[in-house]
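For reference, the structure discussed in these notes is given below.
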Amino acid sequence: MLVTGGNRGIGLAIARAFAAEGDRVAVTHRGSGAPDGLFGVECDVTSAEQVEAAFATVEAELGPVEVLVANAGITDDSLLLRMSEESFDRVVDANLAGAYRVAKRATQKMLRARRGRLIFVSSVVALVGSPGQANYAASKAGLIGLARSIAREIGSRGITANVIAPGFIETDMTAAMTDARRAEVLAGIPLQRYGAADEVAAAAVYLASDAAGYVTGAVLPIDGGVGMGL
Ligand code: NDP
């Protein structure tokens, strides 16, 4: 299995959870090197060439990618009126087009094998929106349409495509938020705590498991209840 952005944060927790299940796990990184005990391949998902090269390396070393977790993502927050075209494009290119690139490459082999699992890491903000994150929320909402279209296109070939929508998870990404914003967010979480990366990883393991064989096109919230009802 392959996790993009699996060198740290949620992606690393996902990679470690699959490794603990005994799976052969590869992660992409952008120069940090592979985390201890995991197979790493350098790849920026904004480059189709790097995506191709990364898959070729992973296939040569570990075999075909049967489970893909498209996790790599960035934020670049600002209010709409101040948001540049460059910022909007950059976030959509990394978060949405990046997922398209890796999913397209992964499904080539999955179609031949007539099985495979695609898991896209979206966000609760895809559903509820977030002030200052129009670029990010748009990219994350796009993943839902992407996954559901793929689910319809190739479900007949034994391939599922699902989305995980995490809420606020303790990682570098949320550590960058101001204390005031963190307090505001916490007040809106029914479970009254932030989530842990391991809790997102458990959802990915489930979606890749035989137990989830009849689950496709789903959006699975791991958000402490923030997005419930949407
Ligand atoms: P981090 O900022 O901790 O990690 C982001 C990961 O994405 C890093 O591994 C980073 O690589 C990688 N990445 C970013 N851009 C690219 C790119 N162009 N090509 C390849 N890899 C890239 O974030 P989190 O672990 O918190 O987030 C992981 C995913 O979960 C993201 O998609 C995020 O949007 C989503 N998410 C996070 C939430 C949270 O509360 N933390 C909530 C909801 C969703 P590098 O180390 O090289 O920078």
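The values are calculated or read from the model by the stated rules, or taken from the named source; none is laboratory data. Since this is a predicted model, take the numbers as computed values, not measurements. Cβ coordinates were reconstructed from backbone atoms using ideal geometry, including for glycine residues, and neighbour counts include every protein chain displayed. Heads up: the accessible areas ignore ligands, DNA and RNA and are worked out on the full protein's heavy atoms, side chains in. Shrake-Rupley method; radii C 1.70, N 1.55, O 1.52, S 1.80 Å.
If you stretched the chain out fully between ARG24 and MET173, how much longer would it get, using 0.36 nm times the residue separation minus the C-alpha to C-alpha distance?
Result for the pair: 50.9 nm of gain on full extension.
Along the positive direction of the dipole of the chain (beta-carbon charges: Lys, Arg +1; Asp, Glu -1; about the Cα centre), which of VAL67, GLY224, ALA94 reaches farthest?
Checked the options; the winner is VAL67.
Among ILE74, ILE144, ILE164, whose mean-square fluctuation peaks in a Gaussian network model of the chain (Cα, cutoff 10 Å)?
It is ILE74.
Quick one: order TYR214, TYR100, TYR194 from most to least accessible surface, probe 1.4 Å.
Of TYR214, TYR100, TYR194, the descending order of accessible area is TYR214, TYR100, TYR194.
At 4 °C and 1.567 mPa s, what whole-number value in µm²/s does Stokes-Einstein give for the translational diffusion of the chain, with Rh from the Kirkwood sum over Cα pairs?
74
May I ask you to give the percent of accessible area on segment 181-230 that is carbon plus sulfur, with a probe radius of 1.4 Å?
61
Using Cα springs under 10 Å in a Gaussian network model of the chain, which residue among ALA208, ALA137, ALA187 shows the largest mean-square fluctuation?
ALA187
Of SER78, ALA126, PHE168, which is farthest along the charge dipole of the chain in the positive direction, counting Lys and Arg as +1 and Asp and Glu as -1 at C-beta?
ALA126
What net charge is computed for the residues neighbouring ALA147, neighbours being all others with C-beta under 12 Å from the C-beta of ALA147, Lys and Arg scored +1, Asp and Glu -1?
+3
Quote the FRET efficiency, to the nearest 0.05, computed for ASP36 versus LEU79 with a Förster distance R0 of 35 Å and r equal to the Cβ-Cβ distance.
For R0 = 35 Å, the calculated efficiency reads 0.30.
Keeping every protein chain in place, order ARG112, ARG105 by accessible area at 1.4 Å, biggest value first, i.e. largest first.
Listed by decreasing accessible area, they come as ARG112, ARG105.
Among GLY40, GLY188, GLY22, which one shows the highest mean-square fluctuation when the chain is modelled as a Gaussian network with alpha-carbon springs under 10 Å?
In the Gaussian network model the winner is GLY22.
Assigning unit charges at the beta carbon (Lys, Arg +1; Asp, Glu -1) and nothing else, what dipole magnitude in debye, to the nearest 20, does segment 51-140 show about its Cα centre?
In debye, rounded to 20, segment 51-140 gives about 540.
Where only protein heavy atoms count, and the probe is 1.4 Å, what is the accessible area per residue for the chain in Å²?
48
With a 1.4 Å probe and every protein chain left in place, tell me how much accessible area VAL200 has, in Å² to the nearest 10.
Probe radius 1.4 Å; accessible area of VAL200 about 0 Å².
Please list the helices of the chain that count as membrane-span-like by this rule: a mean Kyte-Doolittle hydropathy of at least 0.0 together with Cα atoms stretching 24 Å or more along the helix axis, each helix being a complete DSSP H run.
Span-like helices, by this rule, are 134-154.
Using 0.36 nm per residue of separation minus the Cα-Cα distance, give me the extension gain between SER47 and LYS104 in nm, one decimal.
19.2 nm
I'd like the accessible area for GLU61: 1.4 Å probe, protein heavy atoms, all chains in place, Å² to the nearest 10.
120
Assign unit charges at the C-beta atoms only (+1 for Lys and Arg, -1 for Asp and Glu), then state the dipole size of segment 14-163 relative to its Cα centre in Debye, rounded to the nearest 20.
Here segment 14-163 has a charge dipole of around 740 debye.
Give the accessible area for ASP77 in Å² (nearest 10); use a 1.4 Å probe, count only protein heavy atoms, and leave out ligands, DNA and RNA.
90
Kindly provide the helix-only [θ] at 222 nm of the chain, computed as the sum of -39,500 (n - 2.57) over DSSP H runs of four or more divided by all residues, to the nearest 500 deg cm²/dmol?
About -13500 deg cm²/dmol.
Quick one: Cα centre-to-centre distance for segment 90-141 and segment 183-230, in angstrom?
Using only Cα atoms, the two centres lie 16 Å from each other.
Starting from the residue with the highest accessible area, list THR4, THR178 in decreasing order, probe 1.4 Å.
Sorted descending by solvent-accessible area, the residues read THR178, THR4.
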